[in-house]
Amino acid sequence: MSEPPTADPQTVDVRDDAEANRYEARVGGQLAGTAQYIRTPGLIAFVHTEVDPAYEGHGVGGALVRHSLDEAREQGAAVLAVCPFYAGCISRHPAYRDLLYSEQSRAADGGTR
């Protein structure tokens, strides 16, 4: 079995495969990682990220997160980080925190009318 191509963030090609509900990261044409999501109007929930062990530690997961969050921002979508990898990345990169979905109750506090 041959060695996988070396991945650096500049060589990771990330694309949205909307039919499969996932972002795919490829290095040298080989599938290196995926980020599964559930999308509704105005919201994208990232539920699972997986990187092929041969590519772990080479920036593939980070490229998936950056690309998908940048696209969410461009689309005006809020992000629900169900996946622990996404949640961790967002907590370490404050520039993406404004994308996080926060449920706000429309009910008035303080009793009945």
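The values are calculated or read from the model by the stated rules, or taken from the named source; none is laboratory data. If you're wondering where the values come from, they're calculated on a predicted model, not measured in any experiment. We place every Cβ from the backbone using ideal geometry, glycine too, and count neighbours over all the protein chains shown. Heads up: the accessible areas ignore ligands, DNA and RNA and are worked out on the full protein's heavy atoms, side chains in. Shrake-Rupley method; radii C 1.70, N 1.55, O 1.52, S 1.80 Å.
Assorted remarks:
- Enumerated strands (runs of 3 or more DSSP E) restricted to segment 1-100, each holding at least 3 residues that are at pLDDT 95 or above and open to solvent by less than 40 Å² (accessible area, probe 1.4 Å): 22-27, 30-40, 43-51, 78-81
- Filter pass, residue 64 being closer than 22 Å to residue 102 by Cβ and without any contact (Cβ under 8 Å) to a residue 60 or more places away in the chain: no
- Residue list for segment 73-87, filter: within 11 Å of the chain's Cα centre (by Cα) and of a type in the set (Gly, Ala, Ser): 81, 87
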